[in-house]
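Chemist: What follows is a structure written as structure tokens; I'll ask about it next.
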Amino acid sequence: MNLINVKQPSSSLLSGSVLGSIWLLGLLLSILLLPSAQAQQVPAAVYSRYVTLTTAFAKLSAQDEQQTKAKAESNQILINNIADFYQQQREHSTERQLLASNLQLQVLLMKQDSLQGYEQGYQVVTQLLSLSLELDQQLIFQQLAAQLAASLTPFTDANKTPNIKSWALVTQHLIAWFKLVDQLDVEQREIYKITNAQQASNAALLAQAYYLQDKLTAALAPSKRAYKLVPENESYLKLLLALLQRLEQDKQLNEHLEIAVVDFPKSKDYWERLAYSYLTLEQNKSALSTLAITRNQGLLTAQGYRVLASLYLQQQQPRLAAAVYLEGAEKKLLQQDQAFFKGLSNAWLMARERSKALAVFSQATDAGVKLAKHDQQQAQLLYLEARWEEAESAYIALLDHGVKGEDQKTLLMTDKWRFLLAVSQIEQGKKAQAKDNLLLLQTKQYQGYSKGWLAQL
């Protein structure tokens, strides 16, 4: 469906199995396929043979899977007889073909997740669709054909590449199904038992089929239809959000996420994605408030803590940023790594909490984390806090490991450290050492600063 790192949909975009109703449909065909008026058109001998085979098959289906060899052979004979019966009726009337196809489909779909059974079942159904069928039969078979096509080799190789041909067949049959459904009025839909749930399921499958053919724009309309029909089904919402994100329709994505947090308020995913969608739309204040709500609900993730703290810093609220960093660490969501110490120290520095910033630098050192300009900032903070002995040690270390070079910028930096070192020594009464350092200053700027101090020594 990022995407500010939102996960993309896979071949199984729907949370439930799309094919879960195939076996049930196969079992119901004996009831739905042949109206009584049509059954009367089947020769009595043919219908009697159908009843005999159906009764025997029902007993076979009810048997334990652990069968004796003799029973297994007997069952295979029955399955072969049903296949023969099906082939015999293919050259006869529609009614006879429906009768035999119904029984053959039940045999083929007896073992779920059987690729060969699905392939042969699909062939049976497409043969039926070539006949002159009643409307209710067309609806049943177009839907069943789509479901069977969706099960035909979902992936063509080890890299899980979608089988475009199979998903194109799914698209073909579902478009035909919706064309029939959309011509029905409300009363007719009730007669043919076309429910909102059924339409939504088929719309979602159609969207998935388009998606796996990389036809994202075409997938959007059926995805919206599925979610509109059954908005409480979260899998339809996830499918729609994924498509909107892939299509970079940021405004629509934001609108649907605003609805999602109301419909599914306990989902941390929707809250954070809503915040990130605000960021995409450059609505930083809305993003901040959304993440703050997510935090108050206890749903904020590690990434959410980092983004929220960063937004607080952008909005010049460093104390709140520091609180977010500390809470994230306390909850074991934020690792105390370089990014953590840098963010927290910046927050305390912006808040003018020098002692707290120094504590963070110390913690970073203890954790073996090296921050950029860490030593310089620490030395300056110690100086500003009048911790003269520690400041002296810090500036000596800077000078010992300072940058090399003779350019003006480097000399100014070195003189700055040496000058502050001298002041730190003066404050401790180390006048001789301070005088030596002041006399070593090389730039006119700091030599000028030192004149007053040298006069006092």
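Coordinate-derived values only; no laboratory data. Predicted, not measured: the structure shown is a model, and the values here were computed from it. Positions of Cβ are generated from backbone atoms using ideal geometry, with glycine treated the same way; all protein chains shown enter the neighbour counts.
Chemist: Please list, by residue number, every one of the trypsin sites (Lys or Arg not before Pro) in the stretch 79-140 that is coil in DSSP and has at most 15 other beta-carbon atoms within 10 Å.
Modeler: Filter output for the stretch 79-140: R90, K111.
Chemist: Quick check: residue separation of L399 and R189 times 0.36 nm, minus the Cα distance between them. What number comes out in nm?
Modeler: Contour length minus the Cα-Cα distance gives 67.1 nm.
Chemist: As a quick test, which of the pairs K268/K332; K416/K451; K373/K451 have an alpha carbon distance above 21 angstrom in this structure?
Modeler: Violating the 21 Å Cα-Cα cut-off are K373/K451.
Chemist: Once phi is turned into ³J(HN,Hα) by the Karplus curve 6.51 cos²θ - 1.76 cosθ + 1.60 with θ = phi - 60°, what whole-Hz value does each residue of the stretch 281-291 show in order, with x for glycine and proline?
Modeler: 8, 6, 10, 5, 5, 5, 4, 4, 5, 5, 5
Chemist: Please label the shape of the stretch 348-402 as rounded, prolate or oblate, based on the square roots a ≥ b ≥ c of the eigenvalues of the alpha-carbon gyration tensor (a/c under 1.5 means rounded; beyond that, a/b larger than b/c means prolate, else oblate).
Modeler: Oblate, since a/c reaches 1.5 and b/c is not below a/b.
Chemist: Using the alpha-carbon centroid of each, what span in Å lies between the stretch 277-305 and the stretch 307-338?
Modeler: Distance between centres, Cα-based: 13 Å.
Chemist: Determine ³J(HN,Hα), in whole Hz, for all residues of the stretch 96-101 in sequence, where each value follows from phi through the Karplus function 6.51 cos²θ - 1.76 cosθ + 1.60 and θ = phi - 60°; x replaces Gly and Pro.
Modeler: 5, 5, 4, 4, 5, 5
Chemist: Please label the shape of the stretch 153-253 as rounded, prolate or oblate, based on the square roots a ≥ b ≥ c of the eigenvalues of the alpha-carbon gyration tensor (a/c under 1.5 means rounded; beyond that, a/b larger than b/c means prolate, else oblate).
Modeler: Oblate.
Chemist: Moving on to the next point. By the scheme Lys and Arg +1, Asp and Glu -1, what is the net charge of all other residues having a beta-carbon under 15 Å from that of A292?
Modeler: +3
Chemist: If you don't mind, there's one more thing I want to ask. Using the per-residue mean of other Cβ atoms lying within 10 Å as a proxy for protection, in what order, highest first, do the peptides 357-370, 229-242, 261-274 fall?
Modeler: The packing order, highest mean first, is 229-242, 261-274, 357-370.
Chemist: Pull out a ≥ b ≥ c, the square roots of the eigenvalues of the alpha-carbon gyration tensor of the stretch 302-367, then state rounded if a/c is under 1.5, prolate if not and a/b is larger than b/c, and oblate in the remaining case.
Modeler: Here the stretch 302-367 falls in the oblate category.
Chemist: For a quick check of your reading of the filter: which trypsin sites (Lys or Arg not before Pro) in the stretch 427-457 sit in a DSSP loop and have no more than 13 other Cβ atoms within 10 Å?
Modeler: Sites meeting the loop and neighbour criteria: none at all.
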